[in-house]
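Okay, so here's the structure we're looking at.
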Amino acid sequence: MALVTTRDMFKKAYDGGYAIGAFNINNMEIIQAVTEAAADLKSPLILQVSAGARKYAKHAYLMALAQAAIEDTGIDFALHLDHGEDFEICKSCIDGGFTSVMIDGSKHSFEDNIALTKKVVEYAHAHGVTVEGELGKLAGIEDDVNVSAEDACYTDPSQVEEFVEKTGVDSLAIAIGTSHGAYKFKGEARLRFDILEEVGRRLPGFPIVLHGASSVIPELVDEINACGGNMPGAKGVPEDMLRKAASMAVCKINIDSDLRLGMTAAIRRVMKNSPEVFDPRGYLSVARAEVNKVVRHKIVNVLGSDNKA
Ligand code: G3H
Ligand code: 13P
Ligand code: ZN
């Protein structure tokens, strides 16, 4: 088994009306939790690594852990750079063995985004690596200011054909109202399915990516708050909206915050109920099991990717 690109898995997902979970990884426990869930449920999988995760865990450790997960579980998955901000980080990940990269040129002008994305695509494709681009801007951490979801700059569907044609990207992240983190909507959750539909109509058969797609699982937020945490007003994307997006052109759904919540809720639970525990394995094993549970739930109830590997 091996690291694979996203090409074949996206084609099958598009045709099958389901989506692949792209789970952010930061350490061994998260990698084990995610890959074991995908292996048990025979689900295709993308492990994604942010610049922050790469800085935290270091490239060499993440590569070795990914290889260990392949050996241990016997599955294929894509190893993907999340939100690459320039050519250099994409090149470094491609040279270092990643099978997929995202070049996030969404903060640039349309023309500069095209030029940057095209440059990454040329290098990536010459090395057998697939590329995700982004058009439109999500609210939240991407621009380092805590703007509200309502201020998100939605993708303009009239730009997508030109962007895909001129850059040669393999998939496209669009902004339809989601945002990163645990505080996505102030009032009622609202996604612009009309934009997704129009993008799908303009790009038949082309895989679309949804960022900021954690549901911010209410039970986990409640548990965190009950165990000494402080997350009032945390709110995510309702699962029925994600299922609807997965049945449309969305082939990749990015999930990080829900894994963080699972890990934090589990560790807070152990700290509260078993104050005598001081062996890190005592709480990290519980955290790993909780992340595994979250991923299993996503695969079966949100993504519909079980038994599709
Ligand atoms: O989209 C961002 C991901 O949730 C990664 O977050 O940059 O804190 O690792 P991070
Ligand atoms: P969440 O914060 O909703 O999990 O989004 C993660 C993401 O989009 C990573 O790129
Ligand atoms: Zn993202």
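Would you point out the residue of the stretch 97-135, among those that are surrounded by fewer than 21 Cβ atoms within 10 Å (Cβ to Cβ) and either on the phi > 0 side of the Ramachandran plot or under 20 Å from the mean Cα position of the chain (by Cα) (or both), that is modelled with the lowest pLDDT?
K107
Here's a check for you: in the stretch 52-85, which residue that is of a type in the set (D, E) and away from ligand 1 (no atom under 15 Å from the Cβ) is surrounded by the most Cβ atoms within 10 Å (Cβ to Cβ)?
Per the criteria, the residue is D76.
Please go through the stretch 258-290 and give me each residue that is within 16 Å of ligand 1 (Cβ to nearest atom) and surrounded by fewer than 23 Cβ atoms within 10 Å (Cβ to Cβ), ordered by number.
Residues satisfying the conditions are R260, T264.
Conditions (1) in contact with a strand residue (DSSP E or B) (Cβ under 6 Å, 6 or more places away or on another chain); (2) more than 30 Å from P204 (Cβ to Cβ); (3) touching a residue at least 60 places away in the same chain (Cβ under 8 Å), marked per residue:
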residue	(1), (2), (3)
E239	no, no, yes
S247	no, no, yes
M263	no, yes, yes
N273	no, yes, no
Y283	no, yes, no
R288	no, yes, yes
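Would you tally the residues in the stretch 12-53 being in a helix (DSSP H, G or I) and in contact (Cβ under 8 Å) with a residue 40 or more places away in the chain?
Looking only at that region, the number is 14.
The values are calculated or read from the model by the stated rules, or taken from the named source; none is laboratory data. Because the structure is predicted, anything quoted here is derived from the model rather than measured. With ideal geometry, Cβ positions are generated from the backbone for all residues, glycine too; neighbour counts draw on all protein chains shown.
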